[in-house]
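Some notes on the structure that comes next.
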Amino acid sequence: MAKSPTEDTPKKKRGVNVLGWILLAMLIGGLGSFGATNFGGGESNIGSVGARKISASEYARALRQQINAFSQQIGTPLTLQQAQSFGLDQQVLQGVITQASLDDEAAKVGISVGDDAVKVQLRETKAFHGLDGSFDLETYKQMLSQNNLLPAAYEAELRRNIARDVLQSAVTAGFGAPQSMTDTLYKWAGEQRGFTLLRQTEATLPAPIAVPTDADLKTYYDANIAAFTRPEAKRITYASLLPDSLAQTMPADEEALKALYQERIAEFVIPEKRLVERLAFASEDEAKAAKARLDAGESFETLVKERDLSLADLDLGDVSKADLADAGEAVFGLMAPGVVGPFASPIGPALFRMNAILAAQETTFDQARPALLVEMQTEAARKAIGDRVEAIDDLLAGGASIEDIAKDEKMTLGVTEYAPGTDDNDAIAGYADFAKAAEASQEGDFPEAILLDDGGVVAIRFEGLVPPAPVPLDKVRDKVAASWQADALAKALASQAEGIKAAIAAGTVIDTLGTVERTPLIDRQGAVKDAPPSVVAALFEMAVGEVRVITDAGFSGVVLLDSITPAANDGEDATALRDAIIQQNQKAMAADALSLYSKSLGEKAGIQIDQAIINAVHAQFGN
């Protein structure tokens with residue numbers, strides 16, 4: 001049995017820093033005991049591949065990481081149920097099965113990872129470094145202890161990872177993309193096309209779109225009734241206490257308002273400022289020589305370019321006289337844009353260019369008072385609501401109805417029909433916490449109080465489902481009118497574009513039919529400004545001289561293909577594109593090979609999955 005590679009490491013001075021903790025969390029995040037003691041005693045396994053067990057914590061960790069990564073990608077947190085609808089759980093399950101297949105095979109073929117390899121990994125992990133910047137045994141043990149891990153378990157995981165990488169590298173190394181494949185893809189990707197575009201907009205129509213009549217709207221509404229049908233909704237009774245509604249009842253302390261104004265005087269009394277750039281030099285003589293050149297007529301931009309700098313590098317933003325120290329008097333003495341100096345600065349002798357004068361601004365107490373009053377009263381309202389939340393919770397726990405709570409706590413009582421994803425919900429549904437609770441509510445739920453992000457509180461009760469139904473025309477008249485207008489405009493533009501296409505086919509030159517835009521060369525990855533991707537897609541389907549009408553959401557245009565330019569045979573761009581294609585092909589072939597290899601390993605070794613344990617892991621995600 002191999003000893004732990006940490007046993008013969010000399011003890012060093014103990015040292016822990018905040019960055020180390022963060023790095024460790026990223027490195028071993030979840031290697032600890034997610035669910036390890038919650039599945040009937042000891043660590044449970046969701047399955048196995050051959051002799052390699054797949055632990056519940058291993059699957060849970062991978063699932064959590066995948067959900068977090070996908071949540072960051074789409075910009076909103078995902079629940080487990082939403083993740084499952086995207087198939088993330090199945091992707092993760094397949095991933096851990098693949099890893100287990102490789103681990104099992106690595107063990108069978110005898111890939112062994114010695115202590116030296118593990119030591120290298122440990123010593124290169126900055127999270128385990130002490131104050132002297134090198135591996136520290138005490139820091140290592142403390143880090144693992146804080147994450148409920150033992151060195152033996154952590155080092156076993158490292159050994160598996162290294163062994164798996166060795167096997168994986170052996171399978172994926174040496175793939176080369178066939179020359180014929182590279183050439184074909186290069187010709188496809190490197191080809192470029194030139195075209196002429198004649199956009200169609202409402203301004204190009206001979207007459208503007210007419211205002212729809214009541215009959216037009218009724219006909220359009222009936223023909224597109226699905227677009228104006230409210231989906232199934234939930235009828236919710238609620239009692240709310242919101243800071244905005246309570247604020248006006250809160251007392252105002254005039255002295256406190258004046259004190260608040262003084263505390264934030266910098267917001268209300270802003271001194272005169274200047275927009276300034278600073279160009280520093282190594283010596284005062286160099287700075288003086290540069291100033292002499294400016295005085296002789298050279299431009300400031302020339303000096304900047306000679307220093308291999310950009311104006312952004314020099315920008316000080318809007319600064320006060322005091323901010324500029326020695327240069328303040330001269331800069332603020334300028335009544336128009338100009339350059340002064342040299343003056344001393346923290347980075348050496350410098351020239352200062354003033355670009356604009358920002359006048360002083362002062363908001364008096366009387367002018368600021370209304371906003372300060374609202375702010376102070378709203379904050380007081382939040383505190384008052386916070387003091388009443390416990391009483392509301394106690395009433396609900398005691399079986400009080402929403403109506404009773406509204407009466408006793410002077411809350412606003414209301415009923416709303418909430419439908420997720422619609423834009424005609426009541427204002428209360430604008431609170432994300434209310435919407436989340438309403439969406440999750442169902443028959444049989446007890447009333448609950450929800451804290452809102454602005455400091456308010458609302459108690460809700462599910463009443464029942466409201467079936468889908470058309471929204472009356474008078475309530476969506478503006479929406480119907482806008483849709484009718486957009487539809488009529490799209491039809492008119494498409495008709496006009498077809499007429500232009502016919503005129504070109506009859507011999508009319510496209511330039512005589514309107515203001516055209518010409519693009520000499522564009523490849524398949526290119527984009528046309530303010531045009532949909534369908535324009536570029538169409539170009540690479542067309543023959544030279546062909547004309548097409550392209551209509552898409554909010555876009556209509558006539559496209560004439562002028563030229564086709566084959567992919568270049570040489571040059572830096574050509575070499576870079578060819579190399580990128582080769583690398584992508586090699587990666588794709590290696591990934592396919594590894595996928596097929598790991599699948600065959602699993603089938604050969606035997607895959608066992610315990611759905612009950614997987615369900616138990618999922619249940620913990622819901623808690």
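The values are calculated or read from the model by the stated rules, or taken from the named source; none is laboratory data. On a predicted model such as this, the values are computed, not experimentally measured, just so you know. Cβ placement follows ideal geometry from the backbone for every residue including glycine, while neighbour counts extend to all protein chains displayed. Each accessible area value is taken on the protein alone, full model and side chains, heavy atoms only, with ligands, DNA and RNA left out. Shrake-Rupley method; radii C 1.70, N 1.55, O 1.52, S 1.80 Å.
When only Cα pairs under 8 Å and 6 or more residues apart are kept, what is the percent relative contact order across the chain?
Working: 855 pairs, mean separation 149.5, N = 623.
24 percent.
Rounded to the nearest 20 debye, the dipole magnitude of the chain is 1800 debye, with +1 charges on Lys and Arg beta carbons, -1 on Asp and Glu beta carbons, and the Cα centre as origin.
Each listed q (0.13, 0.16, 0.27 Å⁻¹) maps to a log10 I(q)/I(0) for the stretch 573-623, found by the Debye formula over equal Cα scatterers with no solvent: -0.62, -0.70, -0.92. Every pair of different Cα atoms in the stretch 502-583 enters the Kirkwood calculation, which places the hydrodynamic radius at 14.8 Å. Under a 5 Å amide H cut-off, with hydrogens placed 1.01 Å from N, GLY47 pairs with ILE54, ASP610 among residues at least 5 apart or on other chains. Here the stretch 393-523 is treated as a sphere whose radius is the Kirkwood value from Cα pairs; by Stokes-Einstein at 10 °C and 1.306 mPa s it diffuses with a coefficient of 78 µm²/s. Treating r as the C-beta distance of ALA210 and LEU358 and R0 as 60 Å, the FRET efficiency rounds to 0.75. Our compactness index for the stretch 380-451, the C-alpha radius of gyration over the empirical 2.2 N^0.38 Å, is 1.18.
Cross-link partners for LYS529 among the lysines, with Cα-Cα distance under 24 Å and sequence neighbours closer than 8 places in the same chain left out: LYS491, LYS501.
The share of accessible area on the stretch 274-418 that comes from carbon and sulfur is 52 percent, using a 1.4 angstrom probe. Only Lys, Arg, Asp and Glu carry charge here, each on its Cβ (+1 for the first two, -1 for the last two); on that basis the stretch 320-429 has a dipole of about 840 debye about its Cα centre. Running Debye on the chain with equal point scatterers at the Cα sites and no solvent, what base-10 log of I(q)/I(0) appears at q = 0.05, 0.06, 0.09, 0.10 Å⁻¹? Here the Debye-derived log intensity ratios amount to -0.48, -0.72, -1.47, -1.40. Relative to the 2.2 N^0.38 Å rule of thumb, the stretch 155-274 has a C-alpha radius of gyration ratio of 2.58. Kirkwood radius, the stretch 51-135, all distinct C-alpha pairs, inverse of mean reciprocal distance: 15.8 Å. Pairwise inverse Cα distances across the stretch 457-537, averaged and inverted, put the Kirkwood hydrodynamic radius at 18.3 Å. Per the Debye calculation on the stretch 131-178 with a single equal scatterer at every Cα and no solvent contribution, log₁₀ I(q)/I(0) for q = 0.29, 0.32, 0.33 Å⁻¹ amounts to -1.01, -1.08, -1.10. Think of a 1.4 Å ball rolled over the protein heavy atoms: the stretch 428-472 then has 53 Å² of accessible area per residue. With the whole protein complex present, LEU513 retains an accessible surface near 60 Å², based on a 1.4 Å probe.
The distance separating the Cα centre of the stretch 166-210 from that of the stretch 306-351 comes to 48 Å.
Among the GluC sites (Glu not before Pro) in the stretch 223-294, those located in a DSSP loop and surrounded by at most 13 other Cβ atoms within 10 Å of their own Cβ are GLU232, GLU272.
Could you tell me which of the pairs LYS291/LYS321; LYS108/LYS599; LYS436/LYS479; LYS234/LYS436 are separated by over 24 angstrom between their Cα atoms in the structure shown?
Pairs exceeding the cut-off: LYS436/LYS479.
With the convex hull drawn over the C-alpha atoms of the stretch 158-197, the volume per residue is 102 Å³. Shape descriptor for the stretch 482-623: Rg over Rh equals 1.24 (Cα atoms; Rh from the Kirkwood inverse mean 1/r). Helical content of the chain, expressed as a calculated mean residue ellipticity at 222 nm, amounts to -15500 deg cm²/dmol (DSSP H runs of 4 or more residues, -39,500 (n - 2.57) each, divided by residue number, nearest 500). Solvent-accessible area per residue in the stretch 542-589 equals 58 Å², computed with a 1.4 angstrom probe and all protein chains kept. The share of alpha-carbon pairs in the stretch 109-153 lying farther apart than 15 Å comes to 50%.
Taking only protein heavy atoms and a 1.4 Å probe, what accessible area per residue, in Å², does the stretch 134-284 have with all protein chains in place? Intermediate results must be reported in sequence, preceding the final value.
Numbers: 7870 Å² over 151 residues.
Per-residue accessible area for the stretch 134-284 comes out at 52 Å².
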